[in-house]
Amino acid sequence: MPPSAQISLIETLVELHFTGSRWDETMPGRFCDRVQALGFAHHLPRSISSLVRDEAPRDARYGALTAPSAPLSCFHREHDHAALQLERDLLVVNQLAPVPTLDRWLPTIEAAARVYADLAAPRGCPELRLRTIHRLELPTHELSLRDYVQIGPAFPAAWNESQDAFALRIERRMAHDLAILLTFGSSASPSPDHASFVLDLCAIHLAEHSLAPTDLARPLQSAHAALETALENSLTPQLRAFLTPEHRP
């Protein structure tokens, strides 16, 4: 494999989906007051769930997240490139690279969930999602995706030098309480010598009983394990050799 091939984990997100939240126009401000103790001091409205790219519409089978009708309130923590995003019945915890290990990230997730639960008093949290977004940078000369990834459309050999844009989406129910959504597609590249691709993996935990802020560790660990498996199964052995701890979920 050419040494210029690279894969990097650029963002991880946890999405907590609630039901029956109490909500009014004061909620973002009250939430902001509470999360300042966690270091989230900057308030900026946003209209996407990911800090790095727009969200594509998703199949309704798993109640997938779509772009909200109103901007999400976004609270940034500068020193570690973390963010919280908020709207009615939805709390998103974003972490840009470098992404900490799950055990180090969990206290922030649990603390933000406690603040939301205290203020909004939701009836429940039936769904948790863990997403990891990876960028692949591959050399454009003699590019063949099948040398690097085990997913994706089969392109004619004549297309190798001038790759057209594409997006591929795969949905699979792994267990009664777990589904995987995989999105793979082309992306703008900063270099003419490389082709860029984004691999977006999402593990969805569908809880039998509503999740409390203290119940998040086990489903997150299960989702994390599922994403690690999905990532390694998506790549060829040659590209998997480039995976180091900072590239993993």
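Observations, loosely collected:
- Any hit, the stretch 131-151, residues being aliphatic (A, V, I, L, M), surrounded by fewer than 16 Cβ atoms within 10 Å (Cβ to Cβ) and either more than 28 Å from GLN95 (Cα to Cα) or modelled with pLDDT of 85 or more (or both): no
- Residues considered: ASP200, ASP215. Of these, the only one that is surrounded by 14 or more Cβ atoms within 10 Å (Cβ to Cβ) and free of Cβ contacts under 8 Å to residues at least 12 places away in the same chain is ASP215.
- Looking only at the stretch 178-194, residues that are at pLDDT below 90 and either touching an Asp or Glu at 6+ places or on another chain (Cβ under 7 Å) or surrounded by 10 or more Cβ atoms within 10 Å (Cβ to Cβ) (or both) come to 7 in all.
- ALA64 touching a Lys or Arg at 6+ places or on another chain (Cβ under 7 Å), hydrophobic (A, V, I, L, M, F, W, C) and at pLDDT below 55: yes
The values are calculated or read from the model by the stated rules, or taken from the named source; none is laboratory data. What you see is a predicted model; the values in this text were computed from it and never measured. Neighbour counts are summed over all protein chains in view; Cβ atoms, including those assigned to glycine, are modelled from backbone coordinates with ideal geometry.
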